[in-house]
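**Student:** Below is the structure I would like to discuss, written out as structure tokens.
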Amino acid sequence: MPLHPQTTAILEAMTQLGAPPIESQSPQQARHGMEVMTAPSTVQLPEIRDLDADGVPVRLYRPESDRKDRGDATRADAGRGLLVYFHGGGWVLGSVDTHDDVCRKLARAMGHAVLSVDYRLAPEHPFPAPVEDCVKALRWAHANAASLGVDADRLAVGGDSAGGNLAAVVANLQPVPLRFQLLVYPVTDARRGSESYRQNAEGYRLTAAGMKWFCDHYLSGGKGAEDDPRVSPLLADGSTLAASPPALVITAEYDPLRDEGEQYAERLLAAGVPCSLTRYHGNIHGFFSMSNFVDDGYAAIHQAAAATRIALER
């Protein structure tokens, strides 16, 4: 299928900006570029708070309750779930600020809270530091559910790109009981050898060379490898996958990560895990964060929110 016209316009605008390839930049330069391209969100929520999750910075988003008992905060909160969200950015870029709009929209559309995790970044803090931060933040959320105004038995994890990788890894480790995992074009195989890497190596924002740059920084500490299931959850054994929570996997047609995301969904299904898979044709990596400009980004956020809400309310 051809590129979506809205996606084509975005790629053309990026070309006109003339930014150098990410693999030619330092992490600091790339982070600055991502930050200046992030527009403030216009989505309003009743409560947005920055908190400390046992040393890990997090941001809580609480939407207005749509329950009949909204006049009784205690009863309303008793049924409110929490999506613990890990931002994308190749384990090198991104923050709670760059993904603020996504988290606001997810919280509003779900009617449940979101906790965005500002985990440490590579290469200053390579693997396994981001995984450790995500596990720590999730455990903290579970232990402090009452003070967050959520039900400790209604927790989910999610993320996009490298954040999807972290969500899948954490879901496999499952340090606390989880109801759901939301994986948006996740990195599941750091070996980077799929057909979609060859088909979409260049020209669609995220490149094969860029992914090598991200993976090299992430693994620069020498404590992990491309074939470690904590780096490449696609390589987890069947029993680990069978114990993981139900999932929604979202992929994009023109994305080097397309095939590994879809292969991961297939492995979950083969292990007996309820899993839905949606490929957004005509779209590129990152479209989930472009919902102000790409209709399918808006649709994907609402699909993700609906699936997570159903899982949290069962």
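The values are calculated or read from the model by the stated rules, or taken from the named source; none is laboratory data. These numbers come from a predicted model, not from an experiment. Because the Cβ atoms are built from the backbone with ideal geometry, glycine has one as well, and the counts that use them run over all protein chains shown.
**Student:** Return yes when Ala9 is closer than 25 Å to Gly282 by Cβ, part of a helix (DSSP H, G or I) and modelled with pLDDT of 95 or more and no when it is not.
**Tutor:** yes
**Student:** Now for a different question. Answer with yes or no whether Gly282 is small (Gly, Ala, Ser) and in a loop (DSSP other than H, G, I, E, B).
**Tutor:** No; evaluated as a whole, the condition is false for this residue.
**Student:** So, Glu262, is that one at pLDDT 95 or above, more than 23 Å from Gly203 (Cβ to Cβ) and not in a strand (DSSP E or B) or not? Full working, then the answer.
**Tutor:** On the way: at pLDDT 95 or above: yes; more than 23 Å from Gly203 (Cβ to Cβ): no; not in a strand (DSSP E or B): yes.
Here the answer is no, as Glu262 does not meet what is asked.
**Student:** Restricting the search to the range 112-126, which residues are in a loop (DSSP other than H, G, I, E, B) and more than 16 Å from Val56 (Cβ to Cβ)?
**Tutor:** If the condition is that a residue be in a loop (DSSP other than H, G, I, E, B) and more than 16 Å from Val56 (Cβ to Cβ), then His112, Pro123, Pro126 are the ones that fit.
**Student:** Which of the residues spanning the range 1-16 are among the polar types (S, T, N, Q), more than 17 Å from Leu206 (Cβ to Cβ) and over 25 Å from the mean Cα position of the chain (by Cα)? First the steps, then the outcome.
**Tutor:** Step one: filter the range 1-16 for residues among the polar types (S, T, N, Q), giving 6-8, 15-16.
Applying the additional criterion that residues be more than 17 Å from Leu206 (Cβ to Cβ) yields 6, 16.
Matches in the range 1-16: Gln16 only.
**Student:** Then there's this: Six or more apart or on different chains, Cβ under 6 Å: which pairs go from a residue in the range 115-132 that's of a type in the set (S, T, N, Q) to one that's part of a loop (DSSP other than H, G, I, E, B)? Could you list them?
**Tutor:** Close Cβ pairs satisfying both conditions: Ser116/Val96.
**Student:** Could you go through the range 161-173 and let me know if any residue there is surrounded by fewer than 20 Cβ atoms within 10 Å (Cβ to Cβ) and touching a residue at least 12 places away in the same chain (Cβ under 8 Å). Working first, answer last.
**Tutor:** Taking the range 161-173 and keeping what is surrounded by fewer than 20 Cβ atoms within 10 Å (Cβ to Cβ), we get 172-173.
Filter once more, keeping what is touching a residue at least 12 places away in the same chain (Cβ under 8 Å): 172-173.
Within the range 161-173 (the criterion being surrounded by fewer than 20 Cβ atoms within 10 Å (Cβ to Cβ) and touching a residue at least 12 places away in the same chain (Cβ under 8 Å)), the answer is yes, since at least one residue qualifies.
**Student:** Would the range 76-90 turn up any residue that is of a type in the set (D, E, K, R), over 20 Å from the mean Cα position of the chain (by Cα) and at pLDDT below 95?
**Tutor:** Yes; the residues of the range 76-90 include at least one that is of a type in the set (D, E, K, R), over 20 Å from the mean Cα position of the chain (by Cα) and at pLDDT below 95.
**Student:** Would you call Tyr254 crowded, with 20+ Cβ neighbours inside 10 Å, modelled with pLDDT of 95 or more and touching a Pro at 6+ places or on another chain (Cβ under 8 Å)?
**Tutor:** So Tyr254 fails the test.
**Student:** Please go through the range 104-120 and pick out each residue that is surrounded by fewer than 24 Cβ atoms within 10 Å (Cβ to Cβ) and hydrophobic (A, V, I, L, M, F, W, C).
**Tutor:** Once the filter is applied, which keeps residues that are surrounded by fewer than 24 Cβ atoms within 10 Å (Cβ to Cβ) and hydrophobic (A, V, I, L, M, F, W, C), the range 104-120 yields only Ala109.
**Student:** Let me ask something additional. Please specify each residue of the range 29-42 satisfying the condition of being surrounded by fewer than 10 Cβ atoms within 10 Å (Cβ to Cβ) and either more than 26 Å from Leu106 (Cβ to Cβ) or hydroxyl-bearing (Ser, Thr, Tyr) (or both).
**Tutor:** Step one: filter the range 29-42 for residues surrounded by fewer than 10 Cβ atoms within 10 Å (Cβ to Cβ), giving 36, 39-40, 42.
Thr42 - this is the single residue of the range 29-42 that is surrounded by fewer than 10 Cβ atoms within 10 Å (Cβ to Cβ) and either more than 26 Å from Leu106 (Cβ to Cβ) or hydroxyl-bearing (Ser, Thr, Tyr) (or both).
**Student:** Scanning the range 197-227 for residues that are among the small types (Gly, Ala, Ser) and part of a loop (DSSP other than H, G, I, E, B), which turns out surrounded by the fewest Cβ atoms within 10 Å (Cβ to Cβ)?
**Tutor:** Per the stated criteria, the residue is Gly222.
**Student:** Which residues, taken from the range 273-302, are of a type outside the set (Phe, Trp, Tyr), out of contact with any strand residue (DSSP E or B) (no Cβ under 6 Å at 6 or more places or on another chain) and under 17 Å from Asp101 (Cβ atoms)?
**Tutor:** Gly286, Ser289, Met290, Ser291, Asn292, Val294, Asp295, Gly297, Ala299, Ile301, His302
**Student:** Across the range 17-39, which residue is nearest to the chain's Cα centre (by Cα) among those that are part of a loop (DSSP other than H, G, I, E, B) and touching a residue at least 60 places away in the same chain (Cβ under 8 Å)? Write out each step before concluding.
**Tutor:** The initial filter retains those residues of the range 17-39 that are part of a loop (DSSP other than H, G, I, E, B), namely 18-21, 25-26, 37-39.
Remaining after also requiring touching a residue at least 60 places away in the same chain (Cβ under 8 Å): 21, 38-39.
Details: Pro21: 23, Thr38: 17, Ala39: 19 Å.
Going through the qualifying residues, I end up with Thr38.
**Student:** Anything in the range 44-68 that is surrounded by 18 or more Cβ atoms within 10 Å (Cβ to Cβ) and either within 20 Å of the chain's Cα centre (by Cα) or outside any loop (DSSP other than H, G, I, E, B) (or both)? List them, or say none.
**Tutor:** Matches in the range 44-68: Ile48, Ala53, Val56, Val58, Arg59, Leu60, Tyr61, Arg62, Pro63.
**Student:** Can you name every residue in the range 127-184 that is assigned to a loop (DSSP other than H, G, I, E, B) and either of a type in the set (S, T, N, Q) or at pLDDT below 95 (or both)?
**Tutor:** If the condition is that a residue be assigned to a loop (DSSP other than H, G, I, E, B) and either of a type in the set (S, T, N, Q) or at pLDDT below 95 (or both), then Asn144, Ser161, Gln174 are the ones that fit.
**Student:** Can I ask one more? What number of residues within the range 266-314 are touching a residue at least 60 places away in the same chain (Cβ under 8 Å) and either crowded, with 18+ Cβ neighbours inside 10 Å or not aromatic (Phe, Trp, Tyr) (or both)?
**Tutor:** Of the residues in the range 266-314, 28 are touching a residue at least 60 places away in the same chain (Cβ under 8 Å) and either crowded, with 18+ Cβ neighbours inside 10 Å or not aromatic (Phe, Trp, Tyr) (or both).
**Student:** What pairs can you find where one residue is in the range 238-257 and closer than 15 Å to Ala300 by Cα, the other is hydrophobic (A, V, I, L, M, F, W, C) and surrounded by fewer than 20 Cβ atoms within 10 Å (Cβ to Cβ), and their Cβ atoms are less than 7 Å apart, with a gap of 6+ or different chains?
**Tutor:** Qualifying pairs under 7 Å: Ala247/Val273; Val249/Leu277; Glu253/Met1.
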